[in-house]
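*Asks:* Below: one structure in structure tokens.
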Amino acid sequence: MNRNSWVRVIPARWFSLLVIAAVTWTASSGAPHRTRTRTSPKPSSLAEIVRAYRESPSPARKAPVEAYARAHARDTDGALARLALGVVAYEQRDYASAIASLQSLSSRLPQLADYTAFYLGASRVEANELAGTPLEFDPTHRGTPLSPLDGKAWILQARALKASDPSGAAQLLRDHYAALPQPDGDITLADCYQAANELPKAVDFYQRVYYQYPTGDASARAAAALVSLRSILGASYPPPLAQQMLNRADRMMAQHDYPRARSEYQLVIGQVAGLERDLARVRVGEANYANGDTSTAYQYLRGLDLPASEADAERLYYVSECARRLSDDAGMLAAVDRLEKQYPHSPWRFKALVSSGNRFLLVNQPGQYVPLYRAAYQDFPGEPMAASCHWKVTFQAYLGGQSDARELLREQIRLYPDAPYTAAALYFLGRNYQAANEFGAARACYTRIGEVFPNHYYAMPARERLREPGVRTAAPDAEVVQFLDSLPHPAVKPVDSQATPATEIRISRSRLLRRAGLSDLADSELRFGARNGGQPRLLAMEMAREAETPSQGLRAMKSLSADYLDLPLHDAPRSFWELLFPLPFRDELTRAARERNIDPFLLAGLIRQESEFDPQALSRARAYGLTQVLPATGRRYARQAGVRSFSPRLLFNPAANLKIGSSIFRSMLDSQGGNLEETLAAYNAGPNRVAEWATWRTYREPAEFVESIPFTETRDYVQAVLRNADMYRRLYAK
């Protein structure tokens with residue numbers, strides 16, 4: 001099956017298109033999704049011929065766009081073709097051609113006047129045709145709504161002004177500093193100050209770039225300029241702040257460039273004093289630790305003699321981390337104890353408590369991890385991870401049948417109502433009540449999960465419990481209802497049924513850009529609108545409908561509709577849900593699943609989590625395709641799945657991948673005795689780990705096993721796949 005065959009297996013309702021300018025919906029509306037094919041583009045489609053030209057600029061691919069512009073010289077599509085020609089010419093640094101295409105275009109495209117003005121002005125700046133350039137950018141600053149190009153335009157306007165009035169150019173940038181994209185804004189401001197001979201100010205902004213952005217062209221330019229300015233200014237050269245120097249090394253650490261970071265920290269040690277020097281000394285060891293040289297880091301950090309400070313607290317934390325990695329539990333706990341004695345309120349102690357607790361959690365030693373987590377949330381109640389620490393103590397109390405389990409569960413919900421563990425706490429509080437035959441209290445808990453967390457994992461077992469004898473007929477307990485009502489649960493607003501004027505304008509502009517073959521600019525327009533007064537969900541739906549593949553549409557929806565799991569199905573149109581839970585390759589998926597006696601909706605839920613339905617997905621671990629199959633595993637199962645002439649690239653073929661992936665999953669499900677939760681955990685973390693977790697205790701229900709998984713990634717994965725499957729079942733089962 002070719003990569004575009006998903007078009008024919010998407011439900012027919014996906015091909016219905018909205019014909020109104022405003023974004024409206026009703027409960028019965030379908031899920032429109034415009035599809036793209038890259039083969040045999042229609043000569044009459046401007047978007048297709050522009051896309052082909054832009055992907056591979058050549059005279060042969062440019063000619064159809066020019067012909068289209070001539071044929072439509074009097075209409076909007078002709079103007080859009082000229083805009084596309086100008087944009088591609090600018091991207092290819094053919095500024096003369098860009099200027100020729102874009103001149104006098106603003107009046108023909110009033111809705112996109114800022115785009116034509118920006119690319120025309122930018123081309124003139126790059127071509128050094130500066131006369132009148134500042135006025136060219138007016139539409140990017142004065143239009144309604146605010147243009148995504150506003151900040152970039154101020155930078156180009158300053159560059160145009162720099163030669164004649166560098167001080168004025170610098171002031172222009174300072175006046176609009178908040179709008180400037182970085183580091184381009186600071187490097188341009190530094191250039192303007194240097195041209196104005198305000199050299200200390202130039203140094204200031206070059207240093208901002210050099211120390212905050214350690215890689216890239218702007219950093220290299222700033223470094224060269226600082227060398228020159230140091231020579232010019234001599235003794236009056238403003239030295240960088242110690243924190244700036246430390247920040248540069250920290251940025252390298254954040255980019256995982258550990259050898260460079262270590263060298264940078266060593267430079268800082270030789271140039272600064274005080275706390276920053278001590279921090280740099282500690283972070284030399286951290287760089288070794290992060291680079292995998294744990295023994296060297298352990299020896300180095302233990303040997304450092306520092307005055308009492310947060311630097312020393314940081315050192316002790318990394319001593320505990322080195323000991324943890326080396327399985328030196330005594331050394332780890334000794335460092336934690338020293339932190340308690342010397343720095344009881346330091347955030348590094350909190351981190352050490354959590355990390356040490358995690359060490360014992362992974363080997364199922366509650367006698368060790370419970371006191372560590374308890375100290376963490378009791379001594380640091382304001383830390384974001386305090387809720388997680390409290391939950392680990394609480395859940396262990398529940399599993400162990402402790403007398404304080406109920407109070408801890410209620411405390412979890414009361415203290416951390418917005419934490420990710422609230423649905424779990426509500427569910428197990430309900431189970432606690434149910435075990436004590438307090439069915440009304442249990443009903444109140446299960447009902448609240450469905451109201452507040454309708455699409456989460458725990459909504460599924462809660463619905464099942466509500467159908468059980470005793471709970472089904474019980475009246476909700478008044479005291480528990482009052483307790484739950486007293487907790488803050490921010491209401492999730494329904495998806496807007498009508499677009500605001502600002503949203504309509506963004507959508508209209510994005511559609512014009514897309515007609516011109518400039519899909520990336522169209523998407524940027526929608527994302528900018530979502531951050532600046534638009535309606536993010538409606539803009540996400542527009543972007544997803546216009547995406548080239550369902551996987552791209554899904555990613556757009558997730559990025560701009562992050563709270564969708566808290567939204568009841570009836571509070572959004574069906575199209576909203578089908579864009580979030582697409583079902584491409586439906587025929588092949590259903591066939592592969594049923595041939596191996598797998599629920600098709602479960603397989604869909606797994607694929608959504610593994611690859612987001614991208615058949616070309618390739619993970620860092622070199623897992624391929626929809627179900628993310630490793631080549632060695634795929635080769636082993638290919639013949640069993642009826643796939644011949646196996647090669648790793650065959651896993652990019654959706655039909656082959658579905659056959660092989662479903663065969664692998666069926667085999668794993670059989671090896672786990674049909675236990676679905678354990679199979680999913682094994683699919684993510686490996687069967688050996690799951691075999692160990694299964695021996696930790698006798699689990700009374702699947703939810704207990706799932707919540708006991710010590711790897712957050714695996715626990716979240718299992719819950720997500722099952723939740724996805726439930727959503728697919730609710731959306732598509734009929």
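*Asks:* Quick one: is Gln207 in a loop (DSSP other than H, G, I, E, B) and within 28 Å of Tyr265 (Cα to Cα)?
*Replies:* no
*Asks:* Failed condition for Thr627, given (1) within 16 Å of Asp599 (Cα to Cα); (2) polar (S, T, N, Q); (3) part of a helix (DSSP H, G or I), with all others met?
*Replies:* Of everything listed in (1) within 16 Å of Asp599 (Cα to Cα); (2) polar (S, T, N, Q); (3) part of a helix (DSSP H, G or I), Thr627 misses just condition (3).
*Asks:* Against the definition (in contact (Cβ under 8 Å) with a residue 40 or more places away in the chain, open to solvent by 50 Å² or more (accessible area, probe 1.4 Å) and over 23 Å from the mean Cα position of the chain (by Cα)), how does Arg555 come out, yes or no?
*Replies:* No.
*Asks:* Run Pro239 past the list (1) assigned to a loop (DSSP other than H, G, I, E, B); (2) touching a helix residue (DSSP H, G or I) at 6+ places or on another chain (Cβ under 7 Å) and report the number of the one that doesn't hold.
*Replies:* (2)
*Asks:* Let me ask another. Give the stretch 609-621 a look and list any residue that's open to solvent by 40 Å² or more (accessible area, probe 1.4 Å) and at pLDDT 95 or above, or say none.
*Replies:* Gln609, Glu610, Gln616, Leu618
*Asks:* I'm trying to understand the selection: among the residues of the stretch 518-537, which are closer than 26 Å to Glu91 by Cβ, in a loop (DSSP other than H, G, I, E, B) and open to solvent by 20 Å² or more (accessible area, probe 1.4 Å)?
*Replies:* Residue satisfying the conditions is Asn532 alone.
*Asks:* Filter the stretch 68-123 down to the residues that are farther than 20 Å from Asp138 by Cα and not in a helix (DSSP H, G or I), then identify the one that is most open to solvent (accessible area, probe 1.4 Å).
*Replies:* Selected residue: Arg74.
*Asks:* How many residues, within the stretch 150-175, are open to solvent by 60 Å² or more (accessible area, probe 1.4 Å) and either in a loop (DSSP other than H, G, I, E, B) or among the aliphatic types (A, V, I, L, M) (or both)?
*Replies:* Qualifying residue count for the region: 3.
*Asks:* Limited to the stretch 538-563, what total is found for residues that are in a helix (DSSP H, G or I) and touching a His at 6+ places or on another chain (Cβ under 9 Å)?
*Replies:* Residues that pass the stated criteria total 5.
*Asks:* On the given criteria, is Asp94 acidic (Asp, Glu) and in contact (Cβ under 8 Å) with a residue 24 or more places away in the chain?
*Replies:* For Asp94, the condition - acidic (Asp, Glu) and in contact (Cβ under 8 Å) with a residue 24 or more places away in the chain - is not met.
*Asks:* Looking only at the stretch 631-646, which residues are open to solvent by 40 Å² or more (accessible area, probe 1.4 Å) and within 21 Å of Phe585 (Cα to Cα)?
*Replies:* Listed by number, the residues that qualify are Gly642, Arg644.
Here's the yes/no breakdown for (1) within 17 Å of Val706 (Cβ to Cβ); (2) assigned to a helix (DSSP H, G or I); (3) open to solvent by 50 Å² or more (accessible area, probe 1.4 Å); (4) of a type outside the set (Phe, Trp, Tyr):
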site: Gln396; (1), (2), (3), (4): yes, yes, no, yes
site: Gly401; (1), (2), (3), (4): no, no, yes, yes
site: Ile413; (1), (2), (3), (4): no, yes, no, yes
site: Pro420; (1), (2), (3), (4): yes, no, yes, yes
site: Ala423; (1), (2), (3), (4): yes, yes, no, yes
site: Leu426; (1), (2), (3), (4): yes, yes, no, yes
site: Ala442; (1), (2), (3), (4): no, yes, no, yes
site: Gly450; (1), (2), (3), (4): no, yes, no, yes
site: Pro454; (1), (2), (3), (4): no, no, no, yes
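*Asks:* Moving on to the next point. Could you count how many residues in the stretch 220-231 are touching a residue at least 24 places away in the same chain (Cβ under 8 Å) and open to solvent by less than 30 Å² (accessible area, probe 1.4 Å)?
*Replies:* Counting residues in the stretch 220-231 that are touching a residue at least 24 places away in the same chain (Cβ under 8 Å) and open to solvent by less than 30 Å² (accessible area, probe 1.4 Å) gives 3.
So that you can scan it fast, the table gives a plain yes or no per residue for (1) in a helix (DSSP H, G or I); (2) surrounded by fewer than 18 Cβ atoms within 10 Å (Cβ to Cβ):
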residue	(1), (2)
Ala249	yes, no
Met253	yes, no
Glu264	yes, no
Asp278	yes, no
Arg281	yes, no
Ser295	yes, yes
Pro307	no, yes
Asp312	yes, no
Tyr318	yes, no
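*Asks:* Also, quick follow-up: Going through the stretch 197-219 one residue at a time, which ones are aliphatic (A, V, I, L, M) and either open to solvent by less than 10 Å² (accessible area, probe 1.4 Å) or touching a strand residue (DSSP E or B) at 6+ places or on another chain (Cβ under 6 Å) (or both)?
*Replies:* Ala202, Val203, Val209
*Asks:* Considering only residues that are among the basic types (Lys, Arg) and within 29 Å of the chain's Cα centre (by Cα), which ones fall in the stretch 135-169?
*Replies:* Passing the criteria: only Lys152.
*Asks:* Here are some residues: Glu136, Glu126. Which one is at pLDDT below 95 and in contact with a Gly (Cβ under 6 Å, 6 or more places away or on another chain)?
*Replies:* Step by step, each of Glu136, Glu126 is checked, and only Glu136 is at pLDDT below 95 and in contact with a Gly (Cβ under 6 Å, 6 or more places away or on another chain).
*Asks:* Also: Since Pro469 meets every condition but one in (1) in a loop (DSSP other than H, G, I, E, B); (2) open to solvent by less than 10 Å² (accessible area, probe 1.4 Å); (3) of a type outside the set (Val, Ile, Thr), which condition does it not meet?
*Replies:* Failed condition: (2).
*Asks:* Turning to a different aspect of this structure: Filter the stretch 476-515 for residues that are within 30 Å of Arg410 (Cα to Cα) and of a type in the set (Asp, Glu); which is least open to solvent (accessible area, probe 1.4 Å)?
*Replies:* Asp477
*Asks:* Here is a follow-up. Of all residues in the stretch 234-247, which are of a type in the set (A, V, I, L, M, F, W, C) and surrounded by fewer than 20 Cβ atoms within 10 Å (Cβ to Cβ)?
*Replies:* Ala235, Leu241, Ala242 - these are the residues of the stretch 234-247 that are of a type in the set (A, V, I, L, M, F, W, C) and surrounded by fewer than 20 Cβ atoms within 10 Å (Cβ to Cβ).
*Asks:* Please enumerate the residues belonging to the stretch 346-394 that are assigned to a helix (DSSP H, G or I) and among the charged types (D, E, K, R).
*Replies:* Arg349, Lys351, Arg359, Arg374, Asp379, Lys392
*Asks:* Same structure again: Of all residues in the stretch 663-703 being hydroxyl-bearing (Ser, Thr, Tyr) and under 28 Å from the mean Cα position of the chain (by Cα), which is farthest from Thr627 (Cα to Cα)?
*Replies:* Thr679
*Asks:* Same structure, new question: Out of (1) surrounded by fewer than 22 Cβ atoms within 10 Å (Cβ to Cβ); (2) within 25 Å of Asp496 (Cβ to Cβ), what's the single condition that is false for Leu580?
*Replies:* Checking Leu580 against (1) surrounded by fewer than 22 Cβ atoms within 10 Å (Cβ to Cβ); (2) within 25 Å of Asp496 (Cβ to Cβ), the one that fails is (1).
The values are calculated or read from the model by the stated rules, or taken from the named source; none is laboratory data. Everything quoted here is computed from the prediction, not taken from an experiment. Note that we place each Cβ from the backbone using ideal geometry, even for glycine, and neighbour counts take in every protein chain shown. Remember, those area values only see protein heavy atoms, side chains included, never the ligands or the DNA or RNA. Shrake-Rupley method; radii C 1.70, N 1.55, O 1.52, S 1.80 Å.
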